[in-house]
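See structure below.
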Amino acid sequence: MKRAVPPAPTLAMCGFTLTEMAVVLVIVALLIGGMILPLSTQMDLRNVAETRKQLSDIVEALYGFAASHPASDGRPYLPCPDTDGDGIENRSGGSCANQEGKLPWSTLGLGRQDAWGNPFRYRVTASFSNSMTGFTLLTGGDMRVCTTGACIATLGTQLPAVILSTGKNGLATPTDADELANLDGNTDFVMHDSTNATSFDDQVVWLPPTILFNRMVTAGRLP
C-alpha cells in the first residue's frame, strides 16, 4: 500500500501571509536603497581624496621645477601657465604669455585632470616666473587665498602660485559667489569647506613663500 505524499508547503502553511511578505519586500527595498546613497557618497569622498593627493603632488612638482630650472641669472623660477591646452607652459621671452591658465601638466610630468576629469587651473606671480631674472628671498607674491569672496579673512598672502581644482561641478557655469571669485581672473582666490547651504566644492592649494624659499635654500638655489 502506497503512502500518501504530503503536499509541498506553501508560504501560507509556513506562517507567512501576503501582508507579511509585502512588509518584508518593503524592508528589503529600503535596505537596498540605503546602500546606494552611501556608495555614491563614498565615491565622492574617494574623488576628493584623490584630487587632494594630486594637488599635493603638483605643489611638490613646482618645488622640484624651481629647484632644477635656473633662470638666465642662475636664480630659480616657476613655470608659466599653459594657455593653449597642450600641457606645456607658454612664454613670451622670459615672461609668461598669461599669468593664469591651465596647469602645465606636461612640463611638470603630471596628470592633466582631477578625479572628475576637469583640468587644473594655475596662476603664478610674474616676479616668480621670469626665466631671465629668477626670484630671490626678497621677492613678493601678489596673490591671496581668502575664506570668502569678500576676503575679510585670509589663509595665505603674498603667494607665488595658486592651483585650483573646480571640483565635482567642474567648469559648468557656477552660481556660487565664491566659485565665481575663483574664476574671475584676479589675484584673490577662495577656499573653505563645502556646506549644504552652498554649491561650493572647489579645492585650492598654494605655495607659501616661506616654504618655497626654504626649499630653494636647502637645494642650494638661494640665496
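The values are calculated or read from the model by the stated rules, or taken from the named source; none is laboratory data. This structure is a prediction, so every number in the text was calculated from the model and none was measured. Ideal geometry is used to build each Cβ from the backbone, glycine not excepted, and the neighbour counts take in all protein chains shown. Please note that ligands, DNA and RNA were not included when accessible areas were found on the heavy atoms of the full protein model with its side chains. Shrake-Rupley method; radii C 1.70, N 1.55, O 1.52, S 1.80 Å.
Full extension of the chain between Thr195 and Leu18 gives 59.3 nm of extra length, using 0.36 nm per residue less the Cα-Cα distance.
Rounded to the nearest 0.05, what FRET efficiency do Thr154 and Gln113 have when you use their Cβ-Cβ distance and R0 = 41 Å? Using R0 = 41 Å, I get an efficiency of 0.90.
Which value, in debye to the nearest 20, gives the size of the charge dipole of the chain about its Cα centre, when Lys and Arg are +1 and Asp and Glu are -1 at the Cβ? The calculation lands at about 840 debye.
For the stretch 99-223, the equivalent ellipsoid built from the Cα gyration tensor has semi-axes of 27, 17, 12 Å, listed from largest to smallest.
Length available on full extension from Asp188 to Asp44: 0.36 nm per residue minus the Cα-Cα distance, which gives 49.1 nm. Ligands, DNA and RNA left out, the 1.4 Å accessible surface of the chain is 61% carbon and sulfur atoms. A simple spin-label model places pseudo-atoms 7 Å from Cα toward Cβ; at Thr133 and Ser72 they are separated by 1.1 nm.
Report, to the nearest 10°, how far helix 18-68 tilts away from the longest principal axis of the Cα atoms in the chain, using its own Cα long axis and a range of 0 to 90°. Computed tilt is about 10 degrees. Take the Cα radius of gyration of the chain and divide it by 2.2 N^0.38 Å, N being the number of residues; the result is 1.60. Distances longer than 18 Å among the Cα atoms of the stretch 48-113: what percent of all pairs is that? The proportion of pairs with Cα distances above 18 Å equals 38 percent. Between the Cα long axis of helix 209-218 and the first principal axis of the chain there is an angle of about 70°, rounded to the nearest 10. Summarising the label geometry, the points placed 7 Å from Cα in the beta-carbon direction at Asp57 and Ala177 lie 3.7 nm from one another. Count Lys and Arg as plus one, Asp and Glu as minus one, and take only other residues whose Cβ is under 10 Å from that of Ala97; the net charge is then -2. Computed over the chain, the per-residue total of -39500 (n - 2.57) for DSSP H runs of n ≥ 4 gives a 222 nm mean residue ellipticity of -10500 deg cm²/dmol, rounded to 500.
Normalising the average separation of contacting C-alpha pairs (under 8 angstrom, six or more residues apart) by the number of residues puts the relative contact order of the chain at 17 percent. With q set to 0.17 Å⁻¹, the log10 of I(q)/I(0) for the stretch 126-189, from the Debye formula over equal scatterers at the Cα positions, is -0.67. The stretch 142-161 and the stretch 61-139 have Cα centres spaced 20 Å apart.
The value for the stretch 80-124 of Rg(Cα) / (2.2 N^0.38 Å) is 1.08.
Largest mean-square fluctuation among Ile58, Ile27, Ile211, in a Gaussian network model of the chain whose springs join Cα atoms under 10 Å apart, belongs to Ile27.
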